[in-house]
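Data block below; observations after.
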Amino acid sequence: MIKALGRIAKMEGDVKSYLYHVQRSALIFDEAIREYMNDDIARFDIRLDEIGKLTTEADRLRRKVRDKLYQHMLIPEVRGDVWEILESLDKLIDVTKKSLENYSFEKPKIPDFIKADFMNLSEYTAKTVEELVNAVSAYFTNITIVTDFSNKVRFFENEADKVEDTIKKIVFATDKIETLAERIQLRYFAEKMALISDVAESVCEKLSVFVIKREI
Amino acid sequence: MLSILFFLSSGLFLGWSLGANDAANVFGTAVTSRMIKFKTAAIICSIFVIIGAVAGGAGAASTLGELGSINALAGAFIVALSAALTVLFMTRAMLPVSTSQSIVGGIIGWNFFAGVHTDAGVFTKIAATWVICPVLAMVFAFVLFFIAKVYVKNSKLHLFRQDSRTRIGLIVIGAFGSYSLGANNIANVMGVFVPSSPLKDLSIEGLLTITGTQQLFFIGGVAIAVGVFTYSRRVMEMVGNNIFTLSPISALIVVMSASMVLFLFASKGLYDLLQSAGLPTIPLVPVSSSQAVVGAVIGIGLAKGGRNLHLGVVGRISMGWVLTPVISALLTFISLYFMQNVFMNTVYQ
């Protein structure tokens with residue numbers, strides 16, 4: 001019995017730690033984008049390295065939780081749901097990491113007049129993920145407040161979409177960007193950043209269904 | 001000895017059938033939802049059913065005795081056999097059936113055959129409990145649902161911790177349910193054999209005396225345990241997957257409510273306590289654990305706002321209240337005739 005209680009405490013710790021990694025990935029992303037926009041590439045590269053290590057550690061934690069869930073037959077009723085949430089969050093970290101890697105590989109030239117919008121988009125994206133982590137955390141501890149956080153996720157995702165649209169409009173309306181290739185590249189980067197908040201919202205929708213299943 | 005065992009065999013068959021069917025009411029959802037392993041459930045269920053039968057079975061059995069004291073072993077054999085066959089037929093016909101109602105029908109059939117007067121007061125008391133049992137379980141489940149809801153909301157337990165506590169709850173309540181099942185339902189299995197039982201009291205070194213009735217109930221308890229181990233898994237899978245799909249906490253509430261009802265109708269201690277306090281007593285009568293479970297599930301359904309509630313099941317249960325004792329009584333009457341006139345056995349003194 002004591003062993004089982006100890007195991008449960010460890011599992012709680014692992015899930016908490018995993019969620020912390022997801023949250024950190026969004027914060028690192030936001031910082032890295034700011035540094036890129038400020039042309040501080042050295043610090044940007046450090047952030048990229050940081051998110052790479054974080055992804056590896058998050059993967060390890062996710063597998064550990066999965067193994068324990070199935071080995072010890074925990075939460076049989078909602079085990080599939082919990083696993084799906086963790087898998088979706090993993091996808092979120094991957095999308096975040098890939099978005100930063102694209103900056104590193106392609107080194108897009110962001111015009112000064114649009115940098116603030118890119119930083120806004122990054123901020124809203126990070127906030128979406130942050131609220132999603134709060135919602136997932138509440139799913140584990142207090143399902144009555146999951147909806148509050150889910151509403152915030154939807155709000156920030158909507159704001160991120162608006163900024164994404166603004167960037168696209170500016171990019172294709174201005175005559176300060178010379179080539180079509182540059183315009184398409186900037187649109188691509190805006191879309192890839194907004195994709196993070198889209199993924200976060202889709203996890204949130206799943207969560208809303210899983211909450212109903214958790215009602216006694 | 002061999003003839004005693006032969007005559008007891010119908011009771012043992014009834015016990016086996018009870019173990020096979022009713023263990024699912026206690027541990028069915030816990031096992032099928034994989035909250036508890038079948039082996040763990042079967043061991044706990046068997047141990048506590050036997051303890052309940054031996055330690056607490058006397059109360060409900062004595063009420064059945066008041067309805068009709070079957071004074072010949074062959075008569076008791078027929079009553080138990082007819083009750084078991086009625087349960088089998090009704091189950092095959094997919095009609096809700098209760099061993100308690102079946103055995104009562106059998107006793108009344110014997111009363112008619114033997115020309116013994118059936119005490120209308122006792123019969124009314126027993127029949128009333130058939131209605132009260134599911135209704136009471138429904139009320140318990142309704143109230144417990146809201147208590148559980150408030151507890152889950154306020155305790156803010158982590159999902160894993162809640163799962164662990166539910167698991168412990170299912171084991172503890174399952175043990176209580178098994179005890180109550182043994183205490184309440186052993187009367188159905190072995191009650192009719194009590195007046196004609198040839199088993200004598202056993203004294204162990206003068207320290208402990210095991211009465212003949214307790215020995216009889218122990219044998220019946222073992223038969224129930226065999227039923228649990230050999231056949232209940234299939235029934236559990238059927239109950240867990242087809243009849244109702246409940247969350248583990250709701251399942252816990254259902255088992256708790258049904259167990260409380262079975263306990264109330266079996267506890268001699270509670271009966272004496274209420275009597276000594278001058279309060280109205282709860283009759284000690286064997287009731288149906290299946291119908292208690294159905295009542296509790298309806299209670300949960302009502303607490304959830306009455307969604308997905310199939311009230312048709314209530315009508316089917318009501319039909320069982322009438323059909324089961326009537327069929328069992330008729331079958332007993334006819335079988336007693338054959339036992340007496342064809343097989344030349346004394347079926348009443």
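The values are calculated or read from the model by the stated rules, or taken from the named source; none is laboratory data. This structure is a prediction, so every number in the text was calculated from the model and none was measured. For neighbour counting, all protein chains shown are included, and Cβ atoms are generated from backbone atoms with ideal geometry for every residue, glycine included. Just so you know, the surface numbers come from the protein's heavy atoms only, side chains and all, with ligands and any DNA or RNA stripped out. Shrake-Rupley method; radii C 1.70, N 1.55, O 1.52, S 1.80 Å.
Using a cutoff of 8 angstrom between alpha carbon atoms and counting only pairs six or more residues apart, the relative contact order for chain B works out to 39 percent.
Each of B:MET138, B:LEU246, B:VAL97 was scored by the projection of its Cα onto the charge dipole of the protein assembly as shown, and the greatest displacement toward the positive side belongs to B:VAL97; charges sit on the C-beta of Lys, Arg, Asp and Glu.
Using only side-chain charges placed at the Cβ, +1 for Lys and Arg and -1 for Asp and Glu, the dipole size of the protein assembly as shown relative to its Cα centre rounds to 1160 debye. On a straight-distance basis, which aspartates and glutamates could pair with A:LYS206 in a cross-link, Cα separation under 14 angstrom, same-chain partners fewer than 8 positions away excluded? Those aspartates and glutamates meeting the cut-off are A:ASP81, A:GLU84, A:GLU87, A:ASP198.
Remark on the stretch A:29-108: ratio of C-alpha radius of gyration to 2.2 N^0.38 Å is 1.41. For a test of the definition: using alpha carbon positions, the gyration tensor, and the 1.5 limit on a/c, classify the stretch B:38-79 as rounded, prolate or oblate. The shape class here is prolate. Basic side chains Lys and Arg get +1 at the Cβ, acidic Asp and Glu get -1 at the Cβ, and with that the dipole of chain B about its Cα centre reaches some 1400 debye.
Counting only protein heavy atoms, probe 1.4 Å: which residues of the stretch A:51-82 lose 50 Å² or more of accessible surface in the full assembly compared with their chain by itself? Residues of the stretch A:51-82 that lose at least 50 Å² of accessible area once the other chains are added: A:MET73, A:ILE75, A:PRO76, A:GLU77. For the pair B and A, the buried accessible area comes to roughly 2100 Å² in total, with a 1.4 Å probe and the value rounded to the nearest 100. Using 17 Å as the cut-off for backbone N distance, which residues of the stretch A:152-177 belong to the label zone defined by a point 7 Å from the Cα of A:LEU27 along Cα→Cβ? It comes to no residues whatsoever. Computed from the alpha carbon positions, the gyration tensor of the stretch B:99-246 leads to an equivalent ellipsoid with semi-axes of 37, 23, 16 Å, biggest first.
Taking the average, over residues, of other Cβ atoms within 10 Å as the packing measure, peptides B:257-266, A:132-141, B:98-107 rank B:98-107, B:257-266, A:132-141 from highest down. Note on B:LYS149: accessible area is roughly 110 Å² with a 1.4 Å probe, heavy atoms of protein only.
Rg ratio for the stretch B:168-254: its Cα radius of gyration over 2.2 N^0.38 Å, N being its residue count, equals 1.42. I need the shape label for the stretch B:40-139. Rule: rounded when a/c is under 1.5, else prolate if a/b > b/c, else oblate, with a, b, c from the alpha carbon gyration tensor. Here the stretch B:40-139 falls in the rounded category. When +1 charges are put on Lys and Arg Cβ atoms and -1 charges on Asp and Glu Cβ atoms, the dipole computed for the stretch A:138-203 relative to its Cα centre reaches about 60 debye. Largest accessible area first, the listed residues B:ILE210, B:ILE173 line up as B:ILE210, B:ILE173 when surface is computed with a 1.4 Å probe on the assembled protein chains. Atom-type composition of the exposed protein surface of the protein assembly as shown places 62 percent of the accessible area on carbon and sulfur (1.4 angstrom probe). Segment B:HIS117..B:LEU88, full-extension length gain: 7.6 nm, with 0.36 nm per residue of separation and the alpha-carbon distance subtracted. Taking every protein chain into account, the accessible area of the protein assembly as shown amounts to 45 square angstrom per residue (probe 1.4 Å).
Rounded to the nearest 500, what is the 222 nm mean residue ellipticity of chain B from helices alone, with -39500 (n - 2.57) per DSSP H run of 4+ residues and division by all residues? Only helices count here, giving -26000 deg cm²/dmol. Counting only DSSP H runs of at least 4 residues, each contributing -39500 (n - 2.57), and dividing by the residue count of chain A, the helix-based mean residue ellipticity at 222 nm comes to -31500 deg cm²/dmol. With 19 Å as the limit on Cα-Cα distance, the pairs of A:LYS64/A:LYS192; A:LYS169/A:LYS192; A:LYS53/A:LYS98; A:LYS91/A:LYS127; A:LYS91/A:LYS192; A:LYS10/B:LYS37 that go past it are A:LYS64/A:LYS192; A:LYS10/B:LYS37. Helix A:41-71 sits at what angle to the longest principal axis of chain A, using alpha carbons and giving 0 to 90 degrees rounded to 10? In chain A, helix A:41-71 runs at an angle near 20 degrees to the longest axis.
Extent of the stretch A:77-159 along its three principal axes (Cα atoms, max minus min coordinate, largest first): 50, 24, 15 Å.
Remark on the stretch A:186-216: accessible area falls by at least 50 square angstrom from chain-alone to full-complex state for A:ARG214, A:ILE216, probe 1.4 angstrom.
Kindly identify the stretch A:106-216 as rounded, prolate or oblate by the Cα gyration tensor criterion: order the square roots of the eigenvalues as a ≥ b ≥ c, call it rounded if a/c is under 1.5, otherwise compare a/b with b/c, prolate if a/b is larger, else oblate. In terms of gyration-tensor shape, prolate. Treat the protein assembly as shown as a sphere of radius equal to its Kirkwood radius over Cα pairs and apply Stokes-Einstein at 37 °C in a medium of 0.692 mPa s; give the translational diffusion coefficient in µm²/s, rounded to a whole number. For these conditions, the coefficient is 119 µm²/s.
Of all complete DSSP H helices in chain B, those with a Cα span along the helix axis of 27 Å or greater and a mean Kyte-Doolittle hydropathy of 1.0 or more are B:2-32, B:73-92, B:120-155, B:312-341. Please find, in a Gaussian network model of chain B (springs between Cα atoms separated by less than 10 Å), the residue of B:VAL222, B:VAL235, B:VAL150 whose mean-square fluctuation is greatest. Maximum fluctuation in the GNM of chain B, among the listed residues, is at B:VAL150.
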